Each structure stands twice: as C-alpha cells, then as structure tokens.
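Since the structure comes first, as structure tokens, the remarks are kept for the end.
Read-outs throughout are calculated quantities, based only on the coordinates presented, and are distinct from any laboratory measurement. Because the structure is a prediction, the values reported are computed rather than measured. All Cβ positions, even for glycine, are placed from backbone atoms using ideal geometry, and neighbour counts span all protein chains on display.
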Amino acid sequence: TSMAEFLGKVDGNLSIGGSTIPGNYILPQLIGKFLNNFENVHISLIVNDTEKIIEDILAFKIELGVVGAKINNHNIVQDKLFEDDMRLIVQSDHKWASKKIVSLVSLLSEPFIIREEGSGTLKSISNSLKAIGKNANDLNIVAEMGTTSAIIQGIKSKIGISILSTIAVKDELASGSLQALTIKDVNLKRYFYLTIHKDRTLSPLCRAFIDFLKSA
C-alpha cells in the first residue's frame, strides 16, 4: 500500500507509544514530517519505558509502539525499524575521554549510572555482561535515574558514566562536552522495533504511518 493511496483519505486520531530514545529523539521529528502530508490527522505520542508501552499495546490503549527491546509475547508482533548505536558515554575530562575503546572488566570498577528497570538499554547491557559470565550487579552502580536526560546531566556532573544511545547525546558529542567509547568485545548494537498487537486490525491512518516510518 503506497502513501499516495492514503493521501487525502486518511483522517482521525492515532495513539503511538515510544520508548525513551524513539519517543524523545526520533518520533517527534518524523511525526512532524508525516503531519505535513495530512490535514485532518491528530497524533498523540506517549513516551514511556518499553514495558509500559507493551502493556498499553496489549490493553489496546495505543495502536502502535516503537521500542528498543525484543519482546517475548505471542500477542505482540515486532518488525526491525532502525538500528541504534549504543556507546559508553563519559564526560570530556574523564580519565578515559581520549580513549577509543575500554575493556568490560575495567568498566566494572568505574562509578556507573543506570536507567531504572524496564528500560531496553539496561536489557542490552545485561545481555552483554551475561555473555562474559557477569551480570548488571557486578557494575559499580552509584545512581539509578528515571530518564536518559537525567543520566546525561549526571555524567556531566561527574556522578558516573553510562551506556547510552548516541542518538540521545548527538549534540553533546558534536560539541565535545561528552565522549563516546566502545567497550571491547561487547556488542551494544540494538534495534528499535515497530510493535503492534497481533489481533488488532490497524486503522488506515496507522497503516499510512507505518508505511511512512518504513520509508523514512
């Protein structure tokens, strides 16, 4: 189904859920571009952690979600939408700031800030640690914060370092106030998934938006 087929015929309300990174840093711009093509369309974007977005999809509260974790639930259908480049983020005068790469073992002793439970980021880190026989509890966790922006401020305030999506810190990386490092032998690549309910018949508006996302 092409975008043209829907143009002029699509109207109504669409509720979309986005987990932290897509919800704060990616979807707002895409929604803006999408709305330029349509007149009688209203979109509400709910930003929450991955678990909450999935709950809302299962409860038929939102039609579509974009989240950063693969979900094992037979009522949920997911499609890879785009890739996220996760890195270890440190402030510009941190002892590692000039390094390109650090070992996972050295990371375990360094003060570390994590996102609260339910975050896709935390799942990615845990999976990487499991692969070398460690887990998230082996990190030297000094603080737990509810939002990515709080973590960014925490890193700048020298509370600790963290693993974040480079999408969330692209301005800081460009200005040099933060640095992004690779962790040796740890694959932090992950995907954002287009997520829907298996049994829900999608509205024409939702289908148009999905086509738009895939082409964008």
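Positive end of the charge dipole of the range 4-150 (Lys, Arg +1 and Asp, Glu -1 on Cβ, about the Cα centre): tell me which of Ser19, Ala150, Asn75 has its Cα farthest that way.
Ala150
How big is the dipole moment of the range 57-136 about its Cα centre under a simple scheme where the beta carbon of each Lys and Arg is +1, that of each Asp and Glu is -1, and everything else is neutral? Debye, nearest 20, please.
Working: 11 positive and 9 negative charges, 60 e Å.
The dipole of the range 57-136 has a size of about 300 debye.
Would you please give the residues with an amide H less than 5 Å from that of Ala143, counting only those at least 5 places away or on a separate chain, with H modeled from the backbone geometry?
For Ala143, whose amide H was placed from the backbone, the distant partners under 5 Å are Phe112, Ile114.
Using just the C-alpha positions of the range 150-198 as equal point scatterers, what log10 of I(q)/I(0) does the Debye formula give at each q in 0.13, 0.18, 0.22 1/Å?
Rounded to two decimals, the profile gives -0.41, -0.69, -0.89.
What does a probe at Val142 reach in the range 75-104, counting residues whose amide N is under 16 Å from the point 7 Å along Cα→Cβ?
From the range 75-104, the list is 89-97.
Residue farthest toward the positive end of the dipole of the range 111-207, with Cβ of Lys/Arg at +1 and Asp/Glu at -1: which of Pro204, Ala131, Phe112?
Toward the positive end, the furthest listed residue is Pro204.
Which trypsin sites (Lys or Arg not before Pro) does the range 118-195 hold that lie in a coil by DSSP with at most 14 other beta carbons within 10 Å? Working shown, then result.
Details: sites: Lys123, Lys130, Lys134, Lys156, Lys158, Lys170, Lys184, Lys189, Arg190; in loops: Lys134, Lys158, Lys184.
Of the trypsin sites (Lys or Arg not before Pro), the ones in loops of the range 118-195 whose Cβ has at most 14 other Cβ atoms within 10 Å are Lys158, Lys184.
Per residue, how big is the convex hull of the range 98-159 when only Cα atoms are used? Give it in Å³.
Details: hull volume 6.1 nm³, N = 62.
Expressed per residue, the convex hull around the Cα atoms of the range 98-159 is 98 Å³.
Assign unit charges at the C-beta atoms only (+1 for Lys and Arg, -1 for Asp and Glu), then state the dipole size of the chain relative to its Cα centre in Debye, rounded to the nearest 20. Don't jump to the answer; show the numbers that get you there.
Details: 24 positive and 23 negative charges, 121 e Å.
It works out to roughly 580 debye.
Just list whichever of Lys61/Lys189; Lys156/Lys189; Lys61/Lys100; Lys156/Lys184; Lys33/Lys158 have alpha carbons separated by over 32 Å in the model shown. Write down the numbers at each step before the final one.
Working: Lys61/Lys189 30 Å; Lys156/Lys189 24 Å; Lys61/Lys100 43 Å; Lys156/Lys184 23 Å; Lys33/Lys158 37 Å.
Result: Lys61/Lys100; Lys33/Lys158 exceed 32 Å.
May I ask you to work out the translational diffusion coefficient for the range 37-79 at 10 °C, viscosity 1.306 mPa s, via Stokes-Einstein with Rh from the Kirkwood sum over Cα pairs, reported in whole µm²/s?
On the way: Rh = 11.7 Å.
It diffuses with D of about 136 µm²/s by this estimate.
Once the convex hull of the C-alpha atoms of the chain is built, how many Å³ does it hold per residue, rounded to a whole number? The partial results should precede the final answer.
Numbers: hull volume 26.9 nm³, N = 216.
Cα convex hull per residue, to the nearest whole number: 125 Å³.
Only helical DSSP H runs with n ≥ 4 go in: add -39500 (n - 2.57) per run for the chain, normalise by residue count and round the 222 nm mean residue ellipticity to 500 deg cm²/dmol. Don't jump to the answer; show the numbers that get you there.
Working: 8 runs with 64 residues, N = 216.
Helix contribution divided over all residues of the chain: -8000 deg cm²/dmol.
How about the range 95-173: which GluC sites (Glu not before Pro) there lie in a loop by DSSP and see at most 16 other Cβ atoms within 10 Å?
Details: sites: Glu116, Glu117, Glu144, Glu172; in loops: Glu116, Glu117.
Filter output for the range 95-173: Glu116, Glu117.
Could you list which residues have their amide H under 5 Å from that of Asp84, counting only those 5 or more apart in sequence or on another chain, with H placed in the peptide plane?
Long-range HN contacts for Asp84: Arg190, Tyr191, Phe192.
Given 25 °C and 0.890 mPa s, compute D for the range 1-100 with the Stokes-Einstein relation, Rh being the Kirkwood radius over Cα pairs; round to the nearest whole µm²/s. Provide the component values of the computation, followed by the final result.
Details: Rh = 15.9 Å.
After rounding, the answer is 154 µm²/s.
Dipole magnitude of the range 132-196 about its Cα centre, charges +1 at Lys/Arg Cβ and -1 at Asp/Glu Cβ only, in debye to the nearest 20? Numbers along the way, then the final one.
On the way: 7 positive and 5 negative charges, 23 e Å.
Once rounded to the nearest 20, the dipole reads 100 debye.
Express in nm, to one decimal, how much length is gained between Glu55 and Lys95 on full extension, taking 0.36 nm for each residue of separation and deducting their alpha carbon distance. Kindly include the intermediate steps, with their values, before the conclusion.
Working: separation 40, 0.36 × 40 = 14.40 nm, distance 4.14 nm.
Between Glu55 and Lys95, full extension yields 10.3 nm more.
Considering only DSSP states other than H, G, I, E and B, which trypsin sites (Lys or Arg not before Pro) in the range 17-101 qualify as loop sites with at most 13 other Cβ atoms within 10 Å?
Lys61, Lys95, Lys100
Pairing the Cα long axis of helix 120-130 with the longest principal axis of the chain, what angle in degrees results, from 0 to 90 and rounded to the nearest 10?
On a 0 to 90 degree scale, this one is about 50.
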